[in-house]
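Q: First, the structure itself, so that you have it in front of you.
The values are calculated or read from the model by the stated rules, or taken from the named source; none is laboratory data. Since we're looking at a predicted model, the values are computed, not measured. When we count neighbours, we look across all protein chains shown, and the Cβ atoms used for this are built from the backbone with ideal geometry, even at glycine. Side chains are part of the model used for accessible areas, which takes the heavy atoms of the whole protein and leaves out ligands, DNA and RNA. Shrake-Rupley method; radii C 1.70, N 1.55, O 1.52, S 1.80 Å.
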Amino acid sequence: MKAPHKENWNVKVKIDKYPGLSVGKNGNLNFGGADLVKLGREFGTPLYVVCEEVLTDTLRSVRSAFEKEYPDVMPVFATKAMSVKAVLAIAVKEGFGLDVASSGEMYGALSVKCPPEKMILHGNYKKDDELKYALMKKAGRIVLDSYEEIDALDRIAAGMKKKARVLLRVNPGVEAHTFEEVQVGQLDSKFGMPIETGDALEAVKRILKKKNLEFLGIHHHIGSQILEPDPFALAADYAMEFIALIKKSFGADVAELDIGGGFPVRYNSGHPLPPPAKFAAAICGAIKRDAAKLGLRLPRLILEPGRAIAGPACLTLYTVGPVKVIPGVR
């Protein structure tokens, strides 16, 4: 029998790679100046610990990086990354909108005084009561993900005598260089209407014909934990080409382009972690070049980082129980 693979569990964590981490005089790990051993003993484990300073710094660094590169930016925090009201309140305070995917997340967003116009409802299947709640609470944007949702939202909005402001989630056909399980921008994905097959253009046509829908723009999200900016820039190229096609086909201006999220966090000390400025330069540069080449006005740029903001600012404490020793293996 072949010997099992031996994993190296002796890799040292370089705490200087992680903002907020330090070692106290007593040798305990600190996060944001708080002794983690003492916190674990006081509150029990498992315990979520959030460093407000790191959270705020990360929010500001992402926002400023894109605002330096682009004239009209709307940053939105993906609440699924850390659905804690205190975290959401800080994001709103720092000028972020909130990306929500359920009635519960909408309620949470409103409870921390997120301006409804900066709330975006996502999800590839939204029930009627969720769509009704979003309209009742005047959610700024509802992202449509299928022909069925286009018809459903138009019907519901008509019944409520309201007009829904919508984005269409498109599938740009970009395979991000990340784990296969979190690639969602390629053709074979349950998310979004594919550009390649013509479904996305047909969906825009249907939205434009609906009396109770206001078409604002398009949304795409190509995956998670993407370590390099090239896939983001390529997706932006495809999106801008599609916006030009919409203009040519229907004479409609696309006011907004939502590029989703997917920016990375550091899972071990050896991971490269490009700064937000590198992603901002690549993405915004591509959009501006394409707009000039295609004769388009610059759309408002919406971005939805979640993990990249919550990850550095949050950690979980556990208490080690029994340790299993397998001689010669681990």
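Q: Using amide H atoms built in the peptide plane, which far-off residues or other-chain residues are under 5 Å from residue 302 H to H?
A: Long-range HN contacts for residue 302: 74, 257, 258, 259.
Q: Diagonalise the Cα gyration tensor of region 35-92 and give the resulting equivalent ellipsoid semi-axes, square root of 5 times each eigenvalue, largest first, whole Å.
A: 30, 12, 7
Q: Right, another one. Equivalent-ellipsoid semi-axes (√(5λ), Cα gyration tensor) for region 198-330, whole Å, largest first?
A: Here the semi-axes work out to 41, 18, 13 Å.
Q: Sort all Cα-Cα distances of region 280-330 into consecutive 5 angstrom bins from zero, then give the percent of pairs in each bin up to the one containing the longest distance.
A: Bins of 5 Å from zero give 4, 12, 12, 11, 8, 8, 9, 6, 5, 6, 6, 6, 4, 0 percent of pairs.
Q: Just to check I understand the Karplus step: with θ = phi - 60° and J = 6.51 cos²θ - 1.76 cosθ + 1.60, what whole-Hz values come out for region 54-71, glycine and proline as x?
A: Running phi through 6.51 cos²θ - 1.76 cosθ + 1.60 with θ = phi - 60° gives 5, 4, 5, 4, 5, 4, 5, 5, 5, 4, 5, 4, 7, 5, 6, 9, 9, x Hz.
Q: Rank by packing, highest mean first: peptides 20-26, 55-61, with packing defined as the count of other Cβ atoms within 10 Å averaged across residues.
A: Sorting 20-26, 55-61 by mean packing, highest first, produces 55-61, 20-26.
Q: OK, next. Going by amide H atoms built from the backbone, whose H comes under 5 Å of the H on residue 171, apart from near neighbours?
A: Amide H neighbours of residue 171, under 5 Å, 5+ apart: 193, 195.
Q: At 7 Å along Cα-to-Cβ for each site, give me the label-to-label distance between residue 253 and residue 269 in nm.
A: 5.3 nm
Q: Now a separate question. Tell me which lysines have Cα within less than 25 Å of residue 132's Cα, excluding those fewer than 8 residues away on the same chain?
A: 80, 85, 113, 118, 161, 162, 163, 190, 205, 209, 210, 211
Q: So, for the chain, what is the accessible surface per residue at a probe of 1.4 Å, expressed in square angstrom?
A: Here the residues of the chain average 52 Å² of exposed surface.
Q: Residue by residue, what Karplus-based ³J(HN,Hα) values in Hz, rounded to whole numbers, does region 215-231 have, using 6.51, -1.76 and 1.60 with θ = phi - 60° and x for Gly and Pro?
A: My calculation for region 215-231 gives 7, 9, x, 10, 10, 9, 8, 9, x, 10, 6, 8, 8, 10, x, 4, x Hz in order.
Q: Starting from one equal scatterer on each C-alpha and no solvent at all, send me the Debye-based log10 I(q)/I(0) for the chain at q = 0.11, 0.12, 0.15 Å⁻¹, two decimals.
A: Treating every Cα as an identical point scatterer, log10 I(q)/I(0) equals -0.76, -0.88, -1.24.
Q: Separate question: Once you charge only the Cβ atoms, +1 for Lys and Arg and -1 for Asp and Glu, what is the size of the charge dipole of the chain about its Cα centre, to the nearest 20 debye?
A: 600 debye
Q: Any idea how far apart residue 25 and residue 330 come out in nm if each label point goes 7 Å out from Cα toward Cβ?
A: Label at residue 25, label at residue 330, 3.9 nm between them.
Q: Ignoring ligands, DNA and RNA, what percent of the 1.4 Å accessible area of region 209-326 is carbon and sulfur?
A: 56 percent
Q: Hey, what do the phi angles of region 306-318 turn into as Karplus ³J(HN,Hα) couplings, whole Hz, using 6.51/-1.76/1.60 and θ = phi - 60°, x for Gly and Pro?
A: Running phi through 6.51 cos²θ - 1.76 cosθ + 1.60 with θ = phi - 60° gives x, 4, 5, 9, 6, x, x, 9, 10, 8, 10, 9, 10 Hz.
Q: If you don't mind, another one. What do the square roots of 5 times the Cα gyration tensor eigenvalues come to for region 202-269, in whole Å, largest first, as semi-axes of the equivalent ellipsoid?
A: 31, 13, 8
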